[in-house]
Structures are given as C-alpha cells and as structure tokens.
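See structure below.
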Amino acid sequence: MNSIAPPTDAIAAVTHAHPYSWYAGLRRGPALVFDPALRLWIASRADVVRELFANAALRVRPAAEAVPRAVAGTPAGELFGLLVRMNDGAPHDAHKPVLQRALASLDPGAAQAAMRRAAEGTRGMSLCDTVFSLPVGAVARLLGFAERDLPQVVRWTRDFVACLSPLSDAPQLASASLAAAELMDRFEALVDARPAPDGSLVAAVQAEASAPLSRALRANLVGLLSQTCEATAGLLGNSLAALAREPGLRRRIGDRMELLPALVAEVARHDPAVHNTRRFVVEATGVAGQALAPGDALLLVLAAANRDPALNPAPATFELMRAERRCLGFGHGSHGCPGQALALSLAAAGLQALLASGLDTEALLQRGWHYRPSVNVRIPVFH
C-alpha cells in the first residue's frame, strides 16, 4: 500500500486504490485551494462543503451551459435539462419537493421486494454487471415496466448515463441520445396506457402532484433510473469491498441481515460512491475568506468531507454501529438528494441478495479489484 504513488489531483483520487490519506492532507490545507491544471477551486473540509451547498450564488451547472454542449439539442440533452438533480431554477425548484415527498412515502418493503425480484434476473451475470443491473432493475419495477422489458431498460439506462460523463466519446454520446429517446417513449406509453398501480413510484408522484404528470415529472421519474445506475452500483460495489477488506466484518454480519442497512450507511460515509460534485459561481461571492467571481468553478470533495474529524469522530475507522453518523455524499440542505433513502434501501437489499446467493467475499479480496474510469463516481470492477 505504501509503495503506491498518491493521486495526482482530486479527480485522479476518485479511482485511486487508496485516496484517503491524500484527502486528509488536502483537508489540512487551505479551506479553498485553486488547482490551475483542473481550473477548479477545491473544497474538502466539511464546514466549507456545507457552506458551498447553502450559497445562493452557486449553481449546479454553468450559467451559459445548462445542458452539456456535447448533447445539447439531442434527446439526451432534453432529458438532462429536465432533471432536478442536474439543474437549478424555478421549474426545478417546483418539482423537487414533489419528488422528495413521493420518494419519502414509498414503502421500503416495496423497494426490497423489487430488489429480490431483480436478483432473480441477474443469475449467470458477472458480478460487475450484477451491481449495475440490480438497482436499475429494481427501480424499473417500481416504475411499472413490464418484466419482459427490464433487460432492455437496464441497457438503455447504462447507455444514457454516458452523456453524464466528460470521458464519453462520440459513439457513446450517440447511444446515450438513442437510449434517452427510447426510455422516454416507453415510459410515456406506460403512464398513458393504464392507471398507476397502488404503491408504485408513479402513483406516489401523481398523488403529490395533484395533477396529471407533466413531461418534466415524467422525465425525472425516468431520471431515477440513471441516478440509481452508477451511484447505487458504486454503493453496492463498495459495500462488497468493505466486507472483503474490513477484518472480521463478514463474520460479524453472519446471518444478521438486519445489520446490512447500517453497513451500507457506513460505506456511504467511509468509502462512498460519489466522491465529488461541482458548483459554478453565477454572481460574485465569498467563501471562507476567498473571493469568487462569476464563472469560477468549484469541486466539492464529498469523500474528503465525510472523513473530516469535525464531522465524524475517528473518521478513518469503519464503525458498523457508528453513533450520529454524518454523511455529505447525498448533498446537504436544499441540495440533498431526494433518492437518498431509496438508494440506501436498494443497496442493502441488493447486498442481502448477493450474500444469500453464496457470494464469497474472501475470494473477492484474493482476486482484487480496480475502479472504473470516472471523474466523480467510485465503482469497483472485481477481477
């Protein structure tokens, strides 16, 4: 471990084997530090990250580029532009509370049942494909997609998330647009064909909206598939890595599946899926004594903030039953992720399904893993 070179910057840290000592050094430095190569202000302390989340002068997207240029004017760009997690503004502010209330009202048992059914459809898949397919398949069931359509919905979703990454090439972006169009068309037909079943996500959103579902709300329900895809795959994969890596953790869990939600919650703090998020300055402001100008960009290093001793005592220690656990990986305040509870529930249920199938976590450690290329999401690829 000590012979591995440290990350070269905060983006390289996302997929580095051991980034947390480097993150600790970053936290010990200035509250905001400018990286000229990345052209980003870097924030790694918990207090500064929370201050940035609350700052009204910052936006999720650059003022002049609400949709990434690479997909502007395409079906993928249209879908991206409607998602409340990807944008700011009055329309998004109106839709976000509806989604938050609907997701909060969802029966956790329904999510767990959907995950158990999703697990039945992953037999014979590689573990890496399974960690992606399980959560997307479960959310697709909660949205009401027919069983026969689920494998295709998973493929379209994985294609669509390519438009969210600056690492994607032209063929991947073209596939993302085709996938976005197909997902929206299929979901629109699904919603219009019959009343939403009781207990479904569609029914929950309709109840909160008190009106027929707008295209924007329909897009955000489809967006749950993409938001689930990488973030929950990373949470599930990193939970498996924790079981393999942490001494005695698998034995302590044993058959006590009721401990899995606590395990997933600690993984979300200790080794999260989402390592960073960006914010863009739209009007002059100051943070931690640093003046920021319109056009400045910031990288909020959530994985470093989660291990800030001011946020969590003994932050480097993996504590299954940690008291008053605090986690910034799902955002904070008005920028909190509406799907946090669903993501944690799906990851715990997926972990239970994998362990019940006889997955050997000790063998995972022996074979090892690396991380998928990404600028913000940490997803293990098991060898």
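Quick notes on this structure:
- Residue within the stretch 181-195 that is over 17 Å from Leu224 (Cα atoms), out of contact with any strand residue (DSSP E or B) (no Cβ under 8 Å at 6 or more places or on another chain), of a type outside the set (Asp, Glu) and in a helix (DSSP H, G or I) present: yes
- Taken over the stretch 42-69, the residue count meeting the criterion of being over 25 Å from Leu26 (Cβ atoms) and surrounded by fewer than 16 Cβ atoms within 10 Å (Cβ to Cβ) is 5.
Yes or no, residue by residue, for (1) outside any loop (DSSP other than H, G, I, E, B); (2) surrounded by 19 or more Cβ atoms within 10 Å (Cβ to Cβ); (3) in contact with a Leu (Cβ under 8 Å, 6 or more places away or on another chain):
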residue: Pro7; (1), (2), (3): no, yes, no
residue: His18; (1), (2), (3): no, no, no
residue: Tyr23; (1), (2), (3): yes, yes, no
residue: Leu99; (1), (2), (3): yes, yes, yes
residue: Ala102; (1), (2), (3): yes, yes, yes
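- The numbered conditions (1) at pLDDT below 90; (2) crowded, with 21+ Cβ neighbours inside 10 Å are all true for Ala118 except (1).
- For Ser126: the one exception among (1) among the hydroxyl-bearing types (Ser, Thr, Tyr); (2) out of contact with any helix residue (DSSP H, G or I) (no Cβ under 6 Å at 6 or more places or on another chain); (3) surrounded by 15 or more Cβ atoms within 10 Å (Cβ to Cβ): (3)
- If you go through the stretch 245-263 and pick out every residue that is part of a loop (DSSP other than H, G, I, E, B) and within 27 Å of the chain's Cα centre (by Cα), you end up with 3.
- Hey, Arg372 surrounded by 14 or more Cβ atoms within 10 Å (Cβ to Cβ), over 19 Å from Leu134 (Cβ atoms), touching a residue at least 40 places away in the same chain (Cβ under 8 Å) and not acidic (Asp, Glu) or not: no
- Only one of Arg27, Arg61 that is assigned to a loop (DSSP other than H, G, I, E, B) and more than 20 Å from Ser214 (Cβ to Cβ): Arg61
- Residues that are farther than 24 Å from Ala353 by Cβ, touching a residue at least 60 places away in the same chain (Cβ under 8 Å) and not in a loop (DSSP other than H, G, I, E, B) do occur in the stretch 105-113.
- Long-range neighbours under 6 Å by Cβ, at least six apart or interchain, first residue among the small types (Gly, Ala, Ser) within the stretch 180-191, second assigned to a helix (DSSP H, G or I) and buried (at least 20 other Cβ atoms within 10 Å of the Cβ): Ala180/Pro75; Ala180/Ala76; Ala180/Leu79; Ala180/Phe160; Ala181/Pro75
The values are calculated or read from the model by the stated rules, or taken from the named source; none is laboratory data. Owing to the predicted nature of the structure, the values given are computational and were not obtained by experimental measurement. With ideal geometry, Cβ positions are generated from the backbone for all residues, glycine too; neighbour counts draw on all protein chains shown.
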